[in-house]
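The values are calculated or read from the model by the stated rules, or taken from the named source; none is laboratory data. Every value quoted in this text rests on a predicted model; they were computed, and no experiment measured them. No Cβ is skipped: glycine too gets one built from the backbone with ideal geometry, and neighbour counts run over all protein chains shown.
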Ligand SMILES: C[S@@+](CC[C@H](N)C(=O)[O-])C[C@H]1O[C@@H](n2cnc3c(N)ncnc32)[C@H](O)[C@@H]1O
């Protein structure tokens, strides 16, 4: 009932997609036998969607776009759509975290990946995940030497993607759930060599306390919050957030999300970048949380935050994902029968002071 109001005529097809088999992406593990894994994935006719986006950039170039030296930015809390700016050619390396590869099957192709196999050193070659969940990590735009915080990290798909960049000087991976940080640890053991794992510090703290525990510390912070997890909610009875016994918890979610985002921004250094993400379509858990966090940080902590324009992501990755065209802040990947990824909402915030 809620989504038919929020999404109008788009909702019936999103609903059918949520009820249909989800599509996966294979996050390439740069720490495994690269040649063997590349051959294996290319034999399946899967393509690295991030590499493919280079072609979009080249096309823009050949249609007369100018080279932009900075990623599209905006000031204040309102996003300025890229469409309303002068045509400019983005330089991919200034926009997205480097070195991440994620293979997907083309739109309309519902082939499945086989489970990854260990190489001769026992390291797995790829990690299967919703390919849209790589987008928040790309948007974080990690740079060499960055001190990075993944505030709600388990079971670890995005932590793995952050490590693929090869840029983290240190990575703090936190999740309140001890059992889930256990899973995160075993994922890292299966994918990451010991010497690289040494840069990761795993903790099981309440992320809401991070603003007091380690304020003004990190270059990059990922805040991938708990949410109604819409795809899981329509398909699984187990642990379903819409069960009546979880009503109170569900109603408190936007408050928890707000507190986590505020803590994440306070943990960032002035000048640092934060990405907020969820896997729900709900505006109440997406844009409204971002808006409220920006207000609250100003009023309570005198911290100014700019919300960045990510509409370039829509152009770069339109061949792989279906994007909601009308997000006021951030971007939302919509489930679609020909590209059944998401939902995935992501919004980038730049801490100014
Ligand atoms: C969407 S999941 C994170 C998924 C993870 N980033 C990934 O890519 O695999 C949200 C996580 O937030 C954790 N969480 C819930 N409340 C939290 C809190 N107060 N502090 C830190 N983590 C919390 C949950 O245990 C859950 O693992």
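Summary table below
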{"quantity": "Some residue of segment 124-143 being more than 25 Å from residue 343 (Cβ to Cβ), more than 12 Å from the ligand (Cβ to nearest atom) and without any contact (Cβ under 8 Å) to a residue 40 or more places away in the chain", "calculated": "no"}
{"quantity": "Number of the condition not met by residue 216 [criteria: (1) more than 12 Å from the ligand (Cβ to nearest atom); (2) modelled with pLDDT under 95; (3) in a loop (DSSP other than H, G, I, E, B)]", "calculated": "(2)"}
{"quantity": "Test result for residue 179, surrounded by fewer than 17 Cβ atoms within 10 Å (Cβ to Cβ), within 16 Å of the ligand (Cβ to nearest atom) and modelled with pLDDT of 95 or more", "calculated": "yes"}
{"quantity": "Subset tally (residues that are at pLDDT below 95 and part of a loop (DSSP other than H, G, I, E, B)) for segment 46-63", "calculated": "1"}
{"quantity": "Exclusive hit being at pLDDT 95 or above and more than 26 Å from residue 235 (Cβ to Cβ), set 262, 289", "calculated": "262"}
{"quantity": "All positions within segment 187-211 that are away from the ligand (no atom under 13 Å from the Cβ) and either free of Cβ contacts under 8 Å to residues at least 12 places away in the same chain or over 28 Å from residue 351 (Cβ atoms) (or both)", "calculated": "189, 190, 192, 193, 194, 195, 197, 198"}
{"quantity": "Residues satisfying the stated conditions in segment 216-247, i.e. at positive phi and surrounded by 15 or more Cβ atoms within 10 Å (Cβ to Cβ)", "calculated": "229"}
{"quantity": "Selected residue [within 13 Å of the ligand (Cβ to nearest atom), in a loop (DSSP other than H, G, I, E, B) and touching a helix residue (DSSP H, G or I) at 6+ places or on another chain (Cβ under 9 Å)] from 154, 116, 161, 173", "calculated": "154"}
{"quantity": "Residues that are part of a helix (DSSP H, G or I) and either within 15 Å of the ligand (Cβ to nearest atom) or farther than 18 Å from residue 140 by Cα (or both), drawn from segment 295-314", "calculated": "295, 296, 297, 298, 299, 300, 301"}
{"quantity": "Sole exception among (1) surrounded by 14 or more Cβ atoms within 10 Å (Cβ to Cβ); (2) more than 13 Å from residue 102 (Cα to Cα); (3) out of contact with any helix residue (DSSP H, G or I) (no Cβ under 6 Å at 6 or more places or on another chain) for residue 11, by number", "calculated": "(3)"}
{"quantity": "Which listed residue is under 21 Å from the mean Cα position of the chain (by Cα) and either surrounded by fewer than 23 Cβ atoms within 10 Å (Cβ to Cβ) or more than 22 Å from residue 347 (Cβ to Cβ) (or both), from 162, 128, 138", "calculated": "128"}
{"quantity": "So residue 284, is it surrounded by fewer than 17 Cβ atoms within 10 Å (Cβ to Cβ), in contact with a helix residue (DSSP H, G or I) (Cβ under 8 Å, 6 or more places away or on another chain) and assigned to a loop (DSSP other than H, G, I, E, B)", "calculated": "yes"}
